[in-house]
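Below you'll find the structure, written out as structure tokens, and then a few comments.
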Amino acid sequence: MNFDFSDEQKLLQKTARDFLQEHSPLAVCRRVLESDDELYAEDLWSGAAEMGWQGAAIPEEFGGAGFGYLELVLIAEEMGRALAPIPFGSSVYLATEAILAAGGDEQKKRCLPELASGRWIGALALAERPGRPDPARIETRLEGGRLTGTKRAVPDAAAANRAVVLAAAPEGPALALVDLDGEGVSREVLASLDPSRPGATLRFDAAPAEPLGPAGGGWEILERVLRRAAVLQAFEQLGGAARALEITRDFTLGRYAFGRPIASFQALKHRLADVYVAVELARSNCFYGAWALEQEAPELGEAACSARVSATDAFELATTEMIQMHGGVGYTWEYDCHLFYRRAKWLAASLGGAADWRDRLVGELTAGGGA
Amino acid sequence: MNFDFSDEQKLLQKTARDFLQEHSPLAVCRRVLESDDELYAEDLWSGAAEMGWQGAAIPEEFGGAGFGYLELVLIAEEMGRALAPIPFGSSVYLATEAILAAGGDEQKKRCLPELASGRWIGALALAERPGRPDPARIETRLEGGRLTGTKRAVPDAAAANRAVVLAAAPEGPALALVDLDGEGVSREVLASLDPSRPGATLRFDAAPAEPLGPAGGGWEILERVLRRAAVLQAFEQLGGAARALEITRDFTLGRYAFGRPIASFQALKHRLADVYVAVELARSNCFYGAWALEQEAPELGEAACSARVSATDAFELATTEMIQMHGGVGYTWEYDCHLFYRRAKWLAASLGGAADWRDRLVGELTAGGGA
Amino acid sequence: MDFNDTSEEAAFRAEARAFLEAHVAPLEPGQRASFETEDPQTVEAAQHWQALKKDNGWACLTWPVEYGGRGARPIESVIWNQEEARFRVPPNIFGIGIGMLGPTLMAHGTPEQRERYLQKMARGDEIWCQLFSEPGAGSDLAGLQTSAVRDGGDWRINGQKIWTSGAHFCRWGMIVTRTDPTAEKHDGLTYFIVDMKAPGVEIRPIRQINGGANFNQVFFSDVRVPDANRVDAVGNGWRVSMTTLLNERASVGGAGGGGLGVRDLIRLAGQLEIDGRPALEDSHVRQRIADFYVRLRGVQHTGNRTLTALSRGQTPGPEASISKLVTAPLAQQLASFAIELQSLAGGEMAASGFQDGYLGSPGMRIAAGTDEILRNILAERVLGLPREPRMDKGIPFKDIPTGTA
Amino acid sequence: MDFNDTSEEAAFRAEARAFLEAHVAPLEPGQRASFETEDPQTVEAAQHWQALKKDNGWACLTWPVEYGGRGARPIESVIWNQEEARFRVPPNIFGIGIGMLGPTLMAHGTPEQRERYLQKMARGDEIWCQLFSEPGAGSDLAGLQTSAVRDGGDWRINGQKIWTSGAHFCRWGMIVTRTDPTAEKHDGLTYFIVDMKAPGVEIRPIRQINGGANFNQVFFSDVRVPDANRVDAVGNGWRVSMTTLLNERASVGGAGGGGLGVRDLIRLAGQLEIDGRPALEDSHVRQRIADFYVRLRGVQHTGNRTLTALSRGQTPGPEASISKLVTAPLAQQLASFAIELQSLAGGEMAASGFQDGYLGSPGMRIAAGTDEILRNILAERVLGLPREPRMDKGIPFKDIPTGTA
């Protein structure tokens, strides 16, 4: 039984943590969150690229660092701990994965080095209306290399310069790659629940777009990409949850009421234990997801859903309790609780909430896979 | 605002409580539960009939006491408090209500006095398989005054001598009244989750049966009866929940650990507060249900669902916590916790679980009624 | 059992409605009187309306007539509030004074204090705020550290209060201070009336996580208070504060969640689709809606039971704590669920009002008694369970561990 | 990252499997070795199997060789258990002795005691039980009242123990008693080996709410124990007990829920219909199934992390408490939900195995550490949160309030 990361992988994680402690303290997240025009921390983004993180899972032949997924998940966990205000998830877990999954060799050679270097910032444009996306109701059209339609609430799209877009082609759902700074594209930056990760509405008016993967196969590729992204983002959620728990624990140890630390009151102790349990269950499910991702295992579907569900739940629980256990100060702008609370809900929404993934999990289980 | 019972009604409730304290201490419930052949407490049943309870809502012209529903709900609450091991709910809330709702004048004149006196013990035979009943899948047939088919898990059917049976007639779903001691009827007493309220499987082989209400209208009548029964049984659940809370409270006050009553530990205090809240919300919803029942108000559908859901939840929560807070002794046969725990789950099942009623509630709300 | 007024109540309601109709416009359907603005014009409008009510016998309904009230029964006050809520009136910024501080002065103040302050409080000529909580003393109010030290015939106050509503437009505040740190925790406190315009009083708004700023921090630097403004005896501040807080509970009562509710959720679910069918037909969505609905209806009907007790002349118990304990977490759960239902779009503030609700609801779970304090109240005062062991009894306040020494 | 044995582990596993295949039959798919029967034949069969294992070096794997063990690494013990679980073997009724009491004797017993008892314990020739809990001392074990009083060279034991497994077929028991009620609570305890066949020992089975009777009450009336059977010093019983209980935690570990699981629930949902469609397509049902599944998988993979630590020669922490804290309430919730799904039929025991699960699961939440105790352990030992204030410290045991005086 070897169900843990190797010492080398843990060392890489430690390096990432040290780097982010220095370059992405919570003040950086707060700076972007409070700013009207700083859409992401550019210095942090380029620093991460220098560390090779954007290209962690991109093979070296395509300009990546070629670390692999067991390394990338640990970087993701640290991104989550740091609440890094950069579009890492959208560019790395989604756009990069889409090109890795569906791109032709020429596309990979052309696009992946741009993504690995951080020059391209990718996003995935999926939703057109509130509610669970539905392949039968895609109104954005891709025809003759031109894209027309509107994508709503695209995560990280305020910062991105490229988008992988789900569109309806004559052959069926298709993915297309679009230059967001090119012709026929306009964007409206939106107020995000987590303003450190601003999204946008993207409008395409016959914008030039190149198909990604076989026409008509877009939905299947998307499903594959989402599954992989779910594992990666679950680690980000896990990192955030664990950090929220640590901060809450430390606060309750230092805060006294009735002559003793509030951490000694059983109501808080027991709920902190419950948060700890949720975080550890999420961690274990995430480990399994990482294994399945790295192995391209048939269990990936089930593992990704489980990791996603438990990490989403853990982060939401940890941050809800974080504010509550901080009491009045936890509800002030000045304290950092709301940074975590916002990020937790925003990450939950950005790949569709836990309910969607629960439903999908049962689909995986009853399709004949699973434990 | 006069959203409470009157002093006269409260006096009647007090009388009921006193009577049941004397004639239905928990030892009586335990006696029936542990007995292999005592199917219900016959003495208690006839005592209740002498008090006029079986006929509480039956008009005096049909042999009832004619108290009304605001009185009957309070008797039901006391039945719940006492865990009375008698088929009161099936006979009074279901069978009697079905005849009141659907019986012709002659039927009422003939049947209701029997039910009011307790000579007839009624049951409602509805389910044919596990899962939510479905009017499109009734296999029991009613034709030419003869009933054929099998009804499973009929609550209180071990004790009953009459049953109102849902059957498929040529015109559609129909209700029929059957003498369970008559020809063509056989019954198999089942081990119930709550053996103080044993159910049975009923097999009908061309058993003589008289139609109740218009042929083809059986499902609508049934829905009406279930709605009314839901309010009445909610009070029974409420009474059980409140008593479970009281017993648990008293136990935790008397039980010491670490030099102090376990009731002083915040983990228990806060959960007892949560049980109290659940009981009070249930009580308030029950009050509303009682008002709607008594008024035959258009809000009855919504009110019945709300009362049923919150009372079911409260009783299950109170009894689950009851065992847990009693600790080891709570898990022994000797202590009374399991009497409550069994009754709570059994009552939940006997009209279909809370999930069924939640679903029904949204139907009521979106059909244009409600608050 | 019914939901009707008694004939006496009906007469009162008719009279109240007649007065309202004569002076203010009814709210349109769906319209809400704004409760957020605290600009000078709004304050002035509120004072104007309060004065009009006072001059016509519709202010401070339950106060005795001698102090400017109407001597009405509590149920009548409820009826007035129900009726007034149907009209377009300025926000009520007098609640803390009239509901909590006025009754405190009646119980503990000197005849001079009652004479000087109550009528002006009743008429809204002078607005009042409450200065109890401190950064280090929230749920454990008696842990407060703001000091008052004798200085000739005056007192000098130093320290910091927090969560004060309306501090910047208030004329007077009621403050609890520590006058003897060597006494036991609850014994060394004294209660004062403090001039909010006095030198040394500094007010800073607190920004909340939802961007709102409904509360303030108030700093006291050598603020002088004459001994005539002391309420009740030196060292008796805890008892006086309890009077104030008991009246808070009575006046807060059934604070409904505010923000979007279950009807809004039903509407949302009617607009969204899951797998090509309305979300409102999805059984998971239905279960959640029903769960929210049943609990909220339970709270509402619990409120009706409380009103019934009032109508019958009884005193409702601390059962009122149920309302906030249920509705505040529920508002958070409901907003959270609605956001989840919006799926990918849920991360944008503009997707619906539920995003605002998600950011606003945590404050409801903390303000005016945290969930934890409310559970303690129910456990101890209703169920009669014992208190936790106290580590802060029987020793001088200054020796109680604070974690900061 | 993988789920594979190291080559050393694989070799051990092969060796273990070879021994098992040579002596016992494999379980058929879906078949379970019964764990409930405790009739004399079963006890005898269990002893026979244990002796065979012992004589071939497969008993007490982690015990030192000198005491009858194999000196194996903990991961090897796990591998053995995994392999043995695939075969049709009698129930293991030696776990308490071998897992908890043996290690206690190794740490605290005299050379004579180790010599006398350990080999026979290892071989199953003598079966052991544990006598710790009392009716008035469960979670608060140190509140125990069973007394041992010196009587010449012997001790006389009086009192009552509870929740003792297998008392009627055990030869020996390990008992903690109070020898000095005037000492502080944890200081007045002494630990003994007691002869379960001695005069004055009376065993009564306890009937559980699900009808089972896996535990006993044991009454002691003037039971004589020679001083040679005392384990460690007089007054040192608490420390000895802690050794026993630490070994309990290590051996209980990832106790899986037992009973019906999420796969059974999926099967049930596939058989039932809601509104004419399979319940497995109902979105509410799917949400609940997924919730159960995810948590159980989380527990399972947490177990894999623990095994990995063992495989790497590390000591797993009290994180193992997670398993029971999650699975026991979950088993109850799962059974409850399955019953609800059966709707009207859910009230009958025969409807499915979930009714049994509903009655059995509350015991899992209480036995071997209640949910509450497990949360305390996680909060204090993993998160480092402070203990509750203690009201039972610094005073003689006899003066601690018990509520019964």
Is it the case, given these coordinates, that C:Ala328 is more than 7 Å from every other protein chain (Cβ to nearest Cβ) and either hydrophobic (A, V, I, L, M, F, W, C) or part of a loop (DSSP other than H, G, I, E, B) (or both)?
yes
Can you find, within region B:119-168, the residue that is nearest to B:Ser46 (Cα to Cα) among those that are among the β-branched types (Val, Ile, Thr) and part of a loop (DSSP other than H, G, I, E, B)?
B:Ile121
Please determine, by comparing only the residues of region D:377-386 that are more than 7 Å from every other protein chain (Cβ to nearest Cβ) and not hydrophobic (A, V, I, L, M, F, W, C), which one is surrounded by the most Cβ atoms within 10 Å (Cβ to Cβ).
D:Glu380
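Considering only region B:169-196, state which residues are assigned to a strand (DSSP E or B), under 19 Å from B:Asp37 (Cβ atoms) and in contact (Cβ under 8 Å) with a residue 40 or more places away in the chain.
B:Val189, B:Ser192
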For region C:355-373 the number of residues that are of a type in the set (Asp, Glu) and under 19 Å from B:Lys269 (Cα atoms) is 2
Candidate set: region A:221-246, residues that are out of contact with any helix residue (DSSP H, G or I) (no Cβ under 7 Å at 6 or more places or on another chain) and surrounded by fewer than 24 Cβ atoms within 10 Å (Cβ to Cβ); chosen: the one nearest to the other protein chains (Cβ to nearest Cβ):
A:Glu246
Within region C:350-368, identify whether any single residue is free of Cβ contacts under 8 Å to residues at least 24 places away in the same chain, under 19 Å from the mean Cα position of the chain (by Cα) and either more than 25 Å from C:Ser77 (Cα to Cα) or more than 13 Å from chain A (Cβ to nearest Cβ) (or both), and answer yes or no.
yes
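A quick yes/no check of all residues on (1) within 14 Å of another protein chain (Cβ to nearest Cβ); (2) without any contact (Cβ under 8 Å) to a residue 24 or more places away in the chain; (3) more than 20 Å from the chain's Cα centre (by Cα):
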position	(1), (2), (3)
D:Gln113	no, no, yes
D:Gln130	no, no, no
D:Ser147	no, no, yes
D:Gly152	no, yes, yes
Taking the options C:Thr37, C:Thr104, name whichever one is hydroxyl-bearing (Ser, Thr, Tyr), part of a helix (DSSP H, G or I) and either at pLDDT 95 or above or not assigned by TED's automatic domain parsing to the domain that holds C:Pro316 (or both).
C:Thr104
What's the number of the only condition in (1) under 20 Å from B:Phe287 (Cβ atoms); (2) in contact with a Lys or Arg (Cβ under 6 Å, 6 or more places away or on another chain); (3) within 13 Å of chain A (Cβ to nearest Cβ) that C:Pro318 fails to meet?
(3)
List pairs: first residue in region D:370-397 and over 18 Å from D:Ala137 (Cα atoms) and not assigned by TED's automatic domain parsing to the domain that holds D:Leu141, second residue acidic (Asp, Glu) and assigned to a loop (DSSP other than H, G, I, E, B) anywhere in the structure, Cβ distance under 8 angstrom, at least six positions apart or on different chains.
D:Pro389/C:Glu388
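Against the condition of a type in the set (D, E, K, R), under 30 Å from C:Pro318 (Cα atoms), assigned to a helix (DSSP H, G or I) and facing another protein chain (nearest Cβ under 7 Å), how does B:Glu280 come out, does it pass?
yes
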Take the conditions farther than 24 Å from B:Asp250 by Cα, in a helix (DSSP H, G or I) and facing chain B (nearest Cβ under 7 Å) and apply them to D:Ala338. Does it pass?
no
Six or more apart or on different chains, Cβ under 8 Å: which pairs go from a residue in region C:1-13 that's more than 7 Å from chain B (Cβ to nearest Cβ) to one that's assigned to a strand (DSSP E or B)? Could you list them?
C:Thr6/B:Asn2
Yes or no: region D:180-203 includes at least one residue that is over 18 Å from the mean Cα position of the chain (by Cα) and free of Cβ contacts under 8 Å to residues at least 12 places away in the same chain.
no
Conditions: (1) touching a residue at least 24 places away in the same chain (Cβ under 8 Å); (2) more than 14 Å from chain D (Cβ to nearest Cβ); (3) farther than 28 Å from B:Arg283 by Cβ. B:Glu128 meets all but one. Number of the miss?
(2)
Do you know which residues across region A:317-331 are surrounded by fewer than 24 Cβ atoms within 10 Å (Cβ to Cβ) and under 16 Å from A:Ala282 (Cα atoms)?
A:Leu317
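Would you mind listing the helices (runs of 4 or more DSSP H) fully within region C:202-312 where at least 3 residues are more than 9 Å from every other protein chain (Cβ to nearest Cβ) and touching a Pro at 6+ places or on another chain (Cβ under 8 Å)? Can you show your working first?
Details: elements: C:237-252, C:262-271, C:283-311.
The helices (runs of 4 or more DSSP H) meeting that bar are C:237-252.
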Of residues in region A:257-273 being in a helix (DSSP H, G or I) and more than 7 Å from chain D (Cβ to nearest Cβ), the one nearest to the chain's Cα centre (by Cα)
A:Arg271
Do any residues in region A:50-61 that are over 13 Å from A:Thr15 (Cβ atoms) have Cβ atoms under 6 Å from those of residues that are assigned to a helix (DSSP H, G or I) and among the hydrophobic types (A, V, I, L, M, F, W, C), where the two are at least six apart or on different chains, and which pairs are they?
A:Gln54/A:Val92; A:Gln54/A:Ala116; A:Gly55/A:Ala116; A:Ala57/A:Leu72; A:Ile58/A:Leu112; A:Ile58/A:Ala116
Filter region C:70-101 down to the residues that are farther than 30 Å from C:Val194 by Cβ and outside any helix (DSSP H, G or I) and list them by number.
C:Ala72, C:Arg73, C:Ala85, C:Arg86, C:Phe87, C:Arg88
For region C:351-405, how many residues meet the condition of being of a type in the set (S, T, N, Q) and assigned to a helix (DSSP H, G or I)?
3
Which residue out of C:Ser139, C:Ser147 is modelled with pLDDT under 95, crowded, with 17+ Cβ neighbours inside 10 Å and either in contact with a His (Cβ under 8 Å, 6 or more places away or on another chain) or not basic (Lys, Arg) (or both)?
C:Ser139
Just checking, which of D:Val326, D:Val285 is at pLDDT 95 or above and farther than 15 Å from B:Ala355 by Cβ?
D:Val326
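The values are calculated or read from the model by the stated rules, or taken from the named source; none is laboratory data. Predicted model, so just to flag it, every value in this text is computed and none were measured. Cβ sites come from the backbone with ideal geometry, for glycine too, and all protein chains shown count toward neighbours.
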